[in-house]
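Please read the structure below before turning to the comments.
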């Protein structure tokens, strides 16, 4: 019964719409070629790969990705076809081409999503039967035309959004918050109304938790290729995390609404709750339906943001530190920061562009009448800056690109020395299996070999049984559907259905079942080459890399704390510029460093743990508290002041973080500082409470680092 339930869950996760779209694209391309008496392989490849790289999301980003694979694939087809006539030229050009395409992944997201596919097409051209300029141009034209047809089908005739379930689930979280906060009443005394409001809060707590778990599940099972690298996936993840924070604010404000307070505090709390209700409703509406302006109204000076700013109103007059009104205003500032992040994320969902500059911060809506000049970085310089930053031996992608170049050259040599017919499958397997890290390469190799061998048996049976090209087209249509439907669910099953698809697609002769055996043999050899290369050529061990990434996150948080100290020294007239030039870059560095550590930890936690003394709990705790500390610094930068005492305490926090980072890199001893050692007189202010929280968080980081240094993950 358990096995049946598991299979039922797998079937429910299959992405049939995407698979059917691929089947239609491939079948139509092959039928046209069949009717014209032309080879069907390159047309089928163009339609299949174009659907494969479609990540979903805004039309512009999807079109850019498709255009990248079509342009790059056509160039790869021509280059690969023409260089194969001279052996050593083929070796050198192949190595250079693979290095360039792999390293280009750092330049732009569309290249990162399509680089491996472009290399697959290169080797298809290298190992194909056409090696003249006219033949190469003809194959490239067939690839482009079929890919263009698939793009039209995907974007216009049959648009499928793989993120729609996740997007609607996240939207429902905000809709629930909006519905609840719209009915919150301030100043309720004892009686039935207060009891009814408490009952509504208890119901919200139950339903909200269930809905957030459902949203996490929907996001985790999204069928987009390279989900973690898409702007839309990251933005939805941020929106879900922000919903959790706003949920906590809602609980606190609802509890606060039942306490006795003066008229001014009641009025400001009511305005804050009304603003929160309007903001969460705007986010929900912005996620449920695609805005006509592609989310421009969610910009800091867009109509949605200005509407929330008007609801908040002015906050005239000074209030005593530690008073209820001061506490409320601090909480409202926190909530407005969360709302600003949510608004930016909604805009990123529909525009496909992440807004990380300081000019996009929520502080802009609080200065509606201010028109200060802003500085922007030319988008033309971004690729060159990314390439320059990674043009170093310390870059993982630089080492991976060099490794890919060596493996590609070795593959060409092996194909020549062993006289392998259709040996391009060996090279394809190597570049697909080879990952930036060793554990990922081994895992991908096992999945690829297992799925290909099983699929090869099926391909041999089908090749022997199918009597005509018409039957081959029909079967390829079915296997294309199943291949794309299983891609985001299980890579092994994807390889299983992919094998008969490509075997039949490139079958030299009808009923040539031996061709499937060749596919299996070259796949095994290609996977072995990739795994050996990962072990020999600058091996990357994620366990060691994780320690470096954790250390980088700790030192990034330390730099953020010091950036906050410089921000406090800035005069009021220059605060906006300081936010953009000082705080925003440090905050972005923290986010990127922690994201890298989380992704590596996720991969490691998927590996078998038998016989290994790994400390996943400490590593996970460390990453989690790095994230929390970053949020605490963000809040303190707004509510804190640069008094000598505050500066001294935050300098001590930064120093402790730097010591933790050094210990993780060099293996030194970490001595956690007990809370009592840093205890000072607490004046009861929100800033003081935030600093005490940060000290406790650093203590947790020190204890986790001490455990990691004593028994590192290995």
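Counting the residues of segment 283-296 that are surrounded by 20 or more Cβ atoms within 10 Å (Cβ to Cβ) and either free of Cβ contacts under 8 Å to residues at least 40 places away in the same chain or not in a helix (DSSP H, G or I) (or both) gives 1. When 636, 664 are checked against the criterion of being at pLDDT 75 or above, over 30 Å from residue 580 (Cα atoms) and part of a helix (DSSP H, G or I), 664 stands alone in meeting it. Only one of the numbered conditions (1) modelled with pLDDT under 80; (2) touching a helix residue (DSSP H, G or I) at 6+ places or on another chain (Cβ under 9 Å); (3) assigned by TED's automatic domain parsing to the domain that holds residue 123 is violated by residue 383, and that is (3).
Residues in segment 22-69 that are under 24 Å from the mean Cα position of the chain (by Cα) and not in a helix (DSSP H, G or I): 53, 54, 55, 56, 57, 58.
Okay, residues lined up against (1) assigned by TED's automatic domain parsing to the domain that holds residue 398; (2) surrounded by fewer than 19 Cβ atoms within 10 Å (Cβ to Cβ); (3) out of contact with any helix residue (DSSP H, G or I) (no Cβ under 7 Å at 6 or more places or on another chain):
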{"site": "495", "(1), (2), (3)": "yes, no, no"}
{"site": "509", "(1), (2), (3)": "yes, yes, yes"}
{"site": "557", "(1), (2), (3)": "no, no, no"}
{"site": "560", "(1), (2), (3)": "no, no, no"}
{"site": "596", "(1), (2), (3)": "no, yes, no"}
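When segment 478-492 is limited to residues that are surrounded by fewer than 21 Cβ atoms within 10 Å (Cβ to Cβ) and not in a loop (DSSP other than H, G, I, E, B), the one that is modelled with the lowest pLDDT turns out to be 491.
Okay, residues lined up against (1) more than 30 Å from the chain's Cα centre (by Cα); (2) more than 12 Å from residue 500 (Cβ to Cβ):
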| position | (1), (2) |
| --- | --- |
| 432 | no, yes |
| 438 | no, yes |
| 454 | yes, no |
| 470 | yes, yes |
| 478 | yes, no |
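Just checking, does segment 560-576 include any residue being in a helix (DSSP H, G or I), modelled with pLDDT of 85 or more and within 30 Å of residue 462 (Cβ to Cβ)? No, that holds for no residue. Only one of the numbered conditions (1) in a helix (DSSP H, G or I); (2) touching a residue at least 24 places away in the same chain (Cβ under 8 Å) is not met by residue 88, and that is (2). Only one of the numbered conditions (1) over 20 Å from residue 446 (Cβ atoms); (2) touching a residue at least 24 places away in the same chain (Cβ under 8 Å); (3) in the same structural domain as residue 419 (by TED's automatic domain parsing) is violated by residue 524, and that is (1). Looking at 591, 547, 553, just one residue is under 30 Å from the mean Cα position of the chain (by Cα), under 21 Å from residue 699 (Cα atoms) and surrounded by fewer than 20 Cβ atoms within 10 Å (Cβ to Cβ), and that residue is 591.
The values are calculated or read from the model by the stated rules, or taken from the named source; none is laboratory data. None of the values given here were measured: they were computed from a predicted structure. When we count neighbours, we look across all protein chains shown, and the Cβ atoms used for this are built from the backbone with ideal geometry, even at glycine.
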